[in-house]
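A short worksheet on the structure shown next.
The values are calculated or read from the model by the stated rules, or taken from the named source; none is laboratory data. Remember, predicted model here, so these are calculated numbers, not experimental data. Quick reminder, even Gly has a Cβ in these numbers, built from the backbone with ideal geometry, and neighbours come from all protein chains shown. Keep in mind that these areas ignore ligands, DNA and RNA; they rest on the heavy atoms of the full protein, side chains included. Shrake-Rupley method; radii C 1.70, N 1.55, O 1.52, S 1.80 Å.
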Amino acid sequence: MKVKVEKYPGLSIGSNGHLCFSGADCVRLAKQFGTPLYVISEDVFRDTCRAQRAAFEKHCPDAHISFSTKALTALALMRIAVQEGLGLDASSPGELFGALKAGCKPENTILHGNFKKAADLEFALGKKVGRIVVDSFEEIEELDSVARRMKVRARVQVRVNPGVEAHTFELLKVGMLDSKFGLPLQNGDALEAVRRILKKKSLDFMGVHYHIGSQILDPSPFRIAAERAMEFLLTLRREAGATVRELNIGGGLPVRYDSRHPMPTPEQFARQVCGTVKKMAKANGLDMPRIILEPGRSVAGPAGITLYTVGPVKRIPGIRDYVTVDGGLSDNVRPGLYGATYDGLLANKAASAARMKPFRVCGRHCETDTLFQSLRLPDPAYGDILAVLSTGAYNYSMSSNYNKFPRPAMVAVSKGKARLIVERETYEDLYRKDLPEGKG
């Protein structure tokens with residue numbers, strides 16, 4: 001079955017039969033910038049930022065959207081998110097450094113992580129980070145100690161675990177009770193955490209945070225999580241006298257990885273969450289908390305594709321046919337990490353009417369780095385350009401130098417024009433920090 005190109009925003013087939021992204025010919029991009037190549041549509045990225053803002057602000061006018069930089073940690077894209085009115089959240093001091101370097105105001109930044117060292121907290125407070133999301137009793141004590149030493153007051157949200165089952169990849173489920181993330185609601189840990197924070201003069205309790213997982217195709221778990229969070233807010237008022245100003249619902253909105261699958265809209269998720277929060281706040285006499293959303297994959301994912309050059313095509317009669325490309329595990333670890341799947345097609349044969357046959361697509365690493373277990377292609381040949389779709393999230397940010405392959409370049413395209421936003425690494429870059437003679 002051929003990929004339904006029209007299902008992917010920004011993609012089209014040009015008059016020459018080549019795949020185009022935001023009006024740019026993908027075959028030309030591959031020739032101009034080399035492969036592997038990450039290609040980001042600035043148009044799609046901006047449109048998605050606007051669509052999610054519009055959906056949530058329609059139902060909760062003061063809702064705040066914060067782009068999750070872990071999905072695509074590139075300065076040019078973080079800067080675009082800021083231009084579109086989004087804040088930036090970080091899962092590490094390195095991501096926070098990038099968020100500030102990209103021009104995000106400190107008050108619009110959020111720092112996450114289930115283990116933030118004292119040095120991490122000191123760095124964040126020194127940069128006047130907007131919020132720190134605490135994830136354990138130990139971190140509450142550590143943060144209080146650092147804040148007192150620095151003579152500042154840290155604004156915190158408490159990450160809770162709502163115990164909600166989200167139907168997604170096993171390693172992307174982070175809202176269930178059996179997870180390293182969050183203080184459980186069920187056993188009273190979350191309530192105790194808030195009580196401890198309220199006693200700390202150096203900590204300013206702002207609200208509650210939860211994140212139930214990623215790539216969630218059904219909006220109903222969002223509603224269930226919102227219900228449990230609001231029940232917890234009521235518990236906090238009754239048993240701790242706490243007012244919750246912010247309810248951070250994390251991310252989890254999905255991205256298309258298969259052109260055959262129906263996709264829910266941001267509007268459906270916004271309606272479920274905001275409707276539930278409003279209804280329960282009113283019914284229980286609670287102040288309406290400000291809704292904060294942290295999309296990452298759903299913003300970056302559809303905005304990106306990856307281009308590869310096809311190498312050897314190996315045919316084993318009666319067994320399997322293989323296609324090798326000039327990338328693989330080091331630029332897209334997700335298929336090997338948890339069996340992630342994508343759509344793909346030959347950019348130079350996007351309009352081909354040739355018979356489609358299944359091929360296993362592999363990379364060139366010294367590893368069984370399979371990108372596609374089975375991808376139907378029209379007679380692939382050495383030198384063809386393979387386009388893998390929806391790779392904007394967690395491809396570049398999870399890339400590595402395995403086998404000492406340099407990380408790919410990244411270009412942003414808009415209205416047919418391309419600009420380089422991340423340079424391709426060089427062999428010299430790979431050994432820049434090595435000390436062959438050692439250092440005492």
> Over all pairs of distinct alpha carbons, what does the Kirkwood formula give as the hydrodynamic radius of the chain, in Å?
Replying inline: 23.0
> Which trypsin sites (Lys or Arg not before Pro) from the range 71-158 combine a DSSP loop assignment with at most 16 other Cβ atoms within 10 Å?
Replying inline: 117, 127, 128, 151, 153
> At a Förster radius of 60 Å, what calculated FRET efficiency corresponds to the Cβ-Cβ distance of residue 114 and residue 353, to the nearest 0.05?
Replying inline: 0.70
> Carbon and sulfur atoms: what percent of the 1.4 Å accessible area of the range 1-71 do they account for?
Replying inline: 49
> Among the trypsin sites (Lys or Arg not before Pro) within the range 301-376, which fall in a DSSP loop and have no more than 13 other Cβ atoms within 10 Å of their own Cβ?
Replying inline: 355
> ³J(HN,Hα) across the range 4-17 via Karplus (A = 6.51, B = -1.76, C = 1.60, θ = phi - 60°), whole Hz, x for Gly/Pro?
Replying inline: 7, 4, 5, 6, 9, x, x, 8, 7, 10, x, 4, 8, x
>> Quick query: amide H of residue 209 versus all other amide H atoms, modeled in the peptide plane; which residues come in under 5 Å with a sequence gap of 5 or more or a different chain?
In response: 158, 159, 160, 248
>> Check which residues have an amide H placed less than 5 Å from residue 365's amide H, if you skip close sequence neighbours.
In response: 329
> Taking the highest mean first, how do the peptides 191-199, 257-265, 21-29 order by number of other beta carbon atoms within 10 angstrom per residue?
Replying inline: 21-29, 191-199, 257-265
> What is the spread of the Cα atoms of the range 1-109 along each of their three principal axes, largest first, in whole Å?
Replying inline: 48, 34, 24
> Which FRET efficiency value, to the nearest 0.05, do you get for residue 400 and residue 75 by plugging their Cβ-Cβ distance into 1/(1 + (r/R0)^6) with R0 = 22 Å?
Replying inline: 0.65
>> Just to check I understand the Karplus step: with θ = phi - 60° and J = 6.51 cos²θ - 1.76 cosθ + 1.60, what whole-Hz values come out for the range 181-198, glycine and proline as x?
In response: 8, x, 8, x, 6, 5, 9, x, 4, 4, 4, 5, 4, 5, 4, 5, 4, 4
>> Could you work out the percent of alpha carbon pairs in the range 275-323 separated by over 13 Å, rounded to a whole number?
In response: 76
> Which peptide among 298-304, 217-223, 396-402 comes first, and what is the full order, when sorted by highest mean count of other Cβ atoms within 10 Å?
Replying inline: 298-304, 217-223, 396-402
> In nm, to one decimal, how far is the modelled label at residue 51 from the one at residue 227, with both set 7 Å along Cα→Cβ?
Replying inline: 2.8
> Highest mean first, what order results for 415-421, 37-43 on Cβ atoms within 10 Å?
Replying inline: 37-43, 415-421
>> Report the Cα centroid-to-centroid distance between the range 370-440 and the range 1-80 in angstrom, as an integer.
In response: 17
>> Under 10 Å, Cα contacts only: if you run a Gaussian network model on the chain, which one of 88, 72, 125 comes out with the highest mean-square fluctuation?
In response: 125
>> Compute a Gaussian network model of the chain, connecting alpha carbons closer than 10 Å, and tell me which residue from 80, 216, 319 fluctuates the most.
In response: 319
> What chymotrypsin sites (Phe, Trp or Tyr not before Pro) does the range 57-165 have in DSSP loop regions with at most 14 other beta carbons within 10 Å?
Replying inline: 115
> Can you tell me the Rg and Dmax of the range 321-440, counting just the alpha carbons, in angstroms?
Replying inline: 16.7, 64
> Using θ = phi - 60° and the Karplus form 6.51 cos²θ - 1.76 cosθ + 1.60, what ³J(HN,Hα) does each residue of the range 138-147 get, whole Hz, x for Gly and Pro?
Replying inline: 4, 5, 4, 5, 5, 5, 4, 5, 5, 4
> Normalised by the number of residues in the range 270-342, what is the relative contact order in percent for Cα pairs under 8 Å and 6+ residues apart?
Replying inline: 15
>> Could you tell me the calculated FRET efficiency between residue 151 and residue 4, based on Cβ-Cβ distance and R0 = 56 angstrom, to the nearest 0.05?
In response: 0.45
>> From the helices alone, meaning DSSP H stretches of at least four residues, give me the mean residue ellipticity at 222 nm for the chain, per-run term -39500 (n - 2.57), in deg cm²/dmol to the nearest 500.
In response: -9000 deg cm²/dmol
>> 5 Å is the cut-off here: which amide hydrogens, built 1.01 Å from N in the peptide plane, fall below it relative to residue 24, excluding neighbours closer than 5 in sequence?
In response: 416
> How high is the relative contact order of the chain, given as a whole-number percent (alpha carbon pairs under 8 Å, six or more residues apart)?
Replying inline: 20
>> If the only charges are +1 at each Lys and Arg Cβ and -1 at each Asp and Glu Cβ, what is the size of the charge dipole of the chain around the Cα centre, to the nearest 20 debye?
In response: 620
>> Run the paramagnetic zone check for residue 263: 7 angstrom along Cα to Cβ, then residues of the range 52-68 with backbone nitrogen under 17 Å.
In response: 52-56
